[in-house]
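Please see the structure below; I have some questions.
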Amino acid sequence: MSKVIVIGAGGVGTVVVHKLAQNATVFTEILLASRTKSKCGAIAADVKKRYNVEIKTAAVDADNVPELVKLFNEFQPKLVINVALPYQDLTIMTACLESGVNYLDTANYEPKDKAHFEYSWQWAYQEKFKKAGLTAILGCGFDPGVTSVFTAFAAKHYFDEMHYLDIVDCNAGNHGKAFATNFNPEINIREITQEGKFWENGQWHTTLPLSIHKELNYPEIGAKDSYLLYHEELESLVKNFPTLKRARFWMTFGQEYLTHLRVIQNIGMSRIDEIEYNGQKIVPIQFLKAVLPNPQELGENYTGWTSIGCRIRGVKEGKPTTFYIYNNCSHEAAFHETGTQAVSYTTGVPAMTGAYMFLTGKWSGAGVYNVEQFDPDPFLEKLAQSGLPYKFEVNGDLEF
Ligand code: NDP
């Protein structure tokens, strides 16, 4: 039925391509393009072996708009799934507009020279996409993505007004390494070393990085120390659900991880500015990425689960109501199916699901959308069929 281009042959790109191949009646022609063509070839060979589906491959520099436009015009896809890095969001959106192609991503734009992310840069494309009759779907991974859809599902079925939202993200897995990040180390370390931020009573409140934490209980996992972070879906959720009085995001970290992170920061290895080394300019965090374990290769020895969900309080028919919706995902099962760990898996499966919603006409509209603006029901149904089932509890104890 439809041609799609996937940009980015990393951990998430691997899962996206596997899942597209499992739905080959909808995604009839698939092209995987990335900076390093050999990485695309390795993924294509694995997919061919598992599903006997051909994946075309190409080299592209996604920082270069004319190069992207040339690729899009040659292949003529209906949709581009961007799972490269957040730095490439705007160039890929610009190229989509020039070539008349729809767009989907999993992370909001971030400039390379400043560790700061917000939706304003991508929301600024609203009129252009509308005028062109094209759709841009933003933040369709797990968080942002499924957490945003979970919130929309709660609003649609379980609340007249939502007041308090806590997004809780637990990785209770063990990869056996002293220190590794679960997705691109550069993007991950930039994200978690920023100031924390949460929404309360109509304004943002900032906190020192990782300075607020509490023990939270995760289903079938138990108690884990969870840290308040700023996460991008909070920005669109408080805008799209204005009855929220407070919205926060929590993520679990082990003490070993935090100790390594502190050392990395203290010795300057998380710096994002250029330094001179042996007559060459290098960016320390990019050098660090080159020596850290590749998140794409953590899967083989990864055991345990992730558990990500939304805990919401509000009112339904005048009565105080609580709602907890979550997914638990096994690292081993993710590796068995796609050769990657659960963090890549829980990002790639929703990206395929969003693409599936769009190409089957269940999500539509010209303009730039965050995923909570679409109907959550068909998405969650397809997500569950695709390896990420959800559970929920109404009026349980939310610990907050
Ligand atoms: P990886 O670093 O594993 O993969 C990124 C891929 O993009 C690599 O193949 C890389 O190429 C390619 N790439 C980078 N720059 C360019 C460029 N200029 N042109 C072409 N290709 C390029 O990252 P992940 O797979 O871990 O993450 C992918 C995305 O998913 C990120 O944006 C991340 O923020 C997002 N994410 C979202 C989550 C969510 O739940 N919403 C959770 C986890 C991740 P090369 O191999 O040559 O370096």
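Among the residues of segment 88-119, write down those that are part of a helix (DSSP H, G or I) and surrounded by fewer than 17 Cβ atoms within 10 Å (Cβ to Cβ).
94, 98
Another question about this same structure. Determine the pairs where a residue that is farther than 17 Å from residue 141 by Cα, located within segment 229-249, has a partner that is assigned to a loop (DSSP other than H, G, I, E, B) and of a type in the set (A, V, I, L, M, F, W, C) with Cβ atoms under 6 Å apart, the partner being 6 or more residues away or on another chain.
238/244
A follow-up question, please. I'm trying to understand the selection: among the residues of segment 85-113, which are β-branched (Val, Ile, Thr) and away from the ligand (no atom under 14 Å from the Cβ)?
Hit for segment 85-113 is 101, nothing else.
Is it true that residue 36 is under 13 Å from residue 81 (Cβ atoms) and at pLDDT 95 or above?
Here the answer is no, as residue 36 does not meet what is asked.
Kindly establish whether residue 376 is out of contact with any Ser or Thr (no Cβ under 7 Å at 6 or more places or on another chain) and surrounded by fewer than 17 Cβ atoms within 10 Å (Cβ to Cβ).
Answer is no for this residue.
Now for a different question. Residue 335 passes all but one of (1) surrounded by fewer than 22 Cβ atoms within 10 Å (Cβ to Cβ); (2) in contact with a Gly (Cβ under 9 Å, 6 or more places away or on another chain); (3) assigned to a loop (DSSP other than H, G, I, E, B); which number fails?
(3)
Another question, then. Every residue in segment 120-150 that is touching a strand residue (DSSP E or B) at 6+ places or on another chain (Cβ under 6 Å), in a loop (DSSP other than H, G, I, E, B) and more than 13 Å from the ligand (Cβ to nearest atom), please.
Within segment 120-150, 125, 134 meet the criteria.
Tally time: how many residues in segment 335-356 are within 16 Å of the ligand (Cβ to nearest atom) and free of Cβ contacts under 8 Å to residues at least 60 places away in the same chain?
Adding up the residues that qualify gives 1.
In segment 53-84, which residues are within 11 Å of the ligand (Cβ to nearest atom), surrounded by 18 or more Cβ atoms within 10 Å (Cβ to Cβ) and in a loop (DSSP other than H, G, I, E, B)?
Matches in segment 53-84: 60, 62, 83, 84.
Could you tell me whether segment 26-35 includes any residue that is more than 9 Å from the ligand (Cβ to nearest atom), of a type in the set (Ser, Thr, Tyr) and touching a helix residue (DSSP H, G or I) at 6+ places or on another chain (Cβ under 7 Å)?
Looking for residues that are more than 9 Å from the ligand (Cβ to nearest atom), of a type in the set (Ser, Thr, Tyr) and touching a helix residue (DSSP H, G or I) at 6+ places or on another chain (Cβ under 7 Å), one finds none in segment 26-35, hence no.
The values are calculated or read from the model by the stated rules, or taken from the named source; none is laboratory data. What you are looking at is a predicted structure, and each value in this text was computed from that prediction instead of being measured. Here Cβ is always computed from backbone atoms with ideal geometry, including for glycine, and neighbour counts include all displayed protein chains.
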